[in-house]
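Structure first, then comments.
The values are calculated or read from the model by the stated rules, or taken from the named source; none is laboratory data. Since we're looking at a predicted model, the values are computed, not measured. Using ideal geometry, Cβ is built from the backbone for each residue, glycine included, and neighbour counts are taken over all protein chains shown.
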Amino acid sequence: MTAHLANGIPTRLLMWQRVREYAVPLSMIETSTVRRTAGDWAGACAAARVDVDLDLRAVRRRHGTEVTARLRADLRRLAPDLLRWHMPRIAPDGRLRPGLTLTLARYRGAVPVQLVVRTPPAWADAGQRMALALWEESGDSDPGHHPHPYPDRRFRLDLHRHLWDAGRSEELALRCDVPRGADNSSWARPRWAAEAEVLFRADGRPRGAFTVRLGPRSRAVLELVAPDDSHAPTVRPLRAEPPPQEVAALPVLPEAAARVLPDLELVRAGLVPLDRLHPLVAPALAAHGPAVETAVPVAETRDPHRVECRGEVHRIALRDGVLTAVDHDPGQLRREELLVALGGPPLPCLRAIDAVHRNPEELPAVRERLGHGDVVGALDVVEGLLGPGAVLRDGPLREELESAAARRLDHGLYRSGLVPEHPAAGVAEEGRRPRLDRRIPHDMRRKRNGRTRPRIAV
């Protein structure tokens, strides 16, 4: 499918540009990094809004000390802010893919287990939080109330530890090195053979056929071949595609291997400078972007608003923590506010202040931060506009903040297990025919759909 262009830039890159600006703020990266380097992996997860749903003592009792030691080592190497940076996202807002269970690491033992990260369903995604947990491959563990508790084959990072392991982040330079394509495609086709080789070795399979998901109803069925072990493998299409049931059972190339790294596309397109990337990502992409010039930081000064009021240009700025008209006497402002309360026309300066309170120009930035869970950053923007002593008035700004607070309550109910599914989902109506699974063979689906419903006499 051809990507739509906006001003010559694919829409997917515009989405990733907003994601890189708002989804993982610098304050999160700095706080998480400090705690991780100090050995506080749980504190680093808390700073990156990652809930920990595992108990190392319970893991040791059930799986032994060896698995627990490997798990603890991985948790200490985990950079949760880097994991959030590389998590799968959905268009058009670039939020975390909801209802996803993604594998980070596998541990072989008496009972094979996986370290997974889960995202909440879309109705409870306020705060854009994630959760770390253990999943037993035998299926004996309680999956809880997550809508998709089993790891997704298409989204897995156990084969791409450089996307979450701080100790292996330097591998990103090799794994993402894809030549610039002439068709502006996001598919990393030159890397498919090498990544498929990694996939087959990790799963203990011989070289053979695998699939790449190209779209909701499109996938490529390819074959990894090589004359012998001394030659690099290559990828070629299958001469005859097997039946759908066999295709569904083939290994799936993970999304992280199938597509070009979004940061690489952003740097090549000049949409994000290297110094705005994650500190563990920027060094790997230094060869693909211009050199970063270090400049002396200059304190940002916000010019006051200029308003034409009664034939003069007046200023509106923060004074004593409140946005006010500085060129009017306080007594005059009180009289004008009383006049407005009685139904009189407001001063242009007061109209401008009211407009900033209700619908400021920075409302899109506040909305983006709230959508990505950065409540602290959104409130900092509001305080920078209105001052810490301001009282919010009715309007779009207040509605956005109230909606974010209400959705955070939904997430709390989901985490507690009190509301395991969307409150508006309801229960299927009595007598309603269940939806057929797409994996049911076509002939059987056609036969079942062709059945006439019995008539009920009244």
Some residue of region 152-163 being over 21 Å from ARG213 (Cα atoms), among the hydrophobic types (A, V, I, L, M, F, W, C) and either in contact with a His (Cβ under 8 Å, 6 or more places away or on another chain) or in the same structural domain as PRO10 (by TED's automatic domain parsing) (or both): no
Residue list for region 243-259, filter: of a type in the set (D, E, K, R) and closer than 28 Å to LEU163 by Cα: GLU255, ARG259
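Only one residue in LEU264, LEU271 is in contact (Cβ under 8 Å) with a residue 12 or more places away in the chain, assigned to a helix (DSSP H, G or I), touching a helix residue (DSSP H, G or I) at 6+ places or on another chain (Cβ under 8 Å) and under 19 Å from HIS86 (Cα atoms). Which one?
After applying the criteria, what remains is LEU264.
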Identity of the residue in region 220-235, part of a loop (DSSP other than H, G, I, E, B) and within 15 Å of LEU199 (Cβ to Cβ), that ends up modelled with the lowest pLDDT: ALA226
Qualifying residue in region 249-272 (condition: over 24 Å from the mean Cα position of the chain (by Cα) and of a type in the set (Val, Ile, Thr)): no
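Here is a yes/no grid of residues against (1) in the same structural domain as VAL24 (by TED's automatic domain parsing); (2) assigned to a loop (DSSP other than H, G, I, E, B); (3) under 25 Å from LEU172 (Cβ atoms); (4) not charged (D, E, K, R):
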| residue | (1), (2), (3), (4) |
| --- | --- |
| GLY39 | yes, yes, yes, yes |
| LEU54 | yes, yes, no, yes |
| ALA58 | yes, no, no, yes |
| ARG61 | yes, no, no, no |
| THR65 | yes, no, no, yes |
| ALA69 | yes, no, no, yes |
| ARG72 | yes, no, yes, no |
| LEU83 | yes, no, yes, yes |
Of all residues making up region 66-98, the number that are of a type in the set (Ser, Thr, Tyr) and modelled with pLDDT under 95: 0
Enumeration of residues in region 31-50 that are within 27 Å of GLY412 (Cβ to Cβ) and surrounded by fewer than 17 Cβ atoms within 10 Å (Cβ to Cβ): ASP40, ALA42, GLY43, ALA46
Check on ARG62, more than 19 Å from ARG129 (Cβ to Cβ) and not small (Gly, Ala, Ser): yes
Tally of residues being closer than 26 Å to GLY215 by Cβ and at pLDDT below 95 across region 122-145: 3
Residue list for region 169-193, restricted to those being assigned to a helix (DSSP H, G or I) and surrounded by 15 or more Cβ atoms within 10 Å (Cβ to Cβ): SER169, GLU171, LEU172, ALA173, ARG175, ARG189, ARG191, TRP192, ALA193
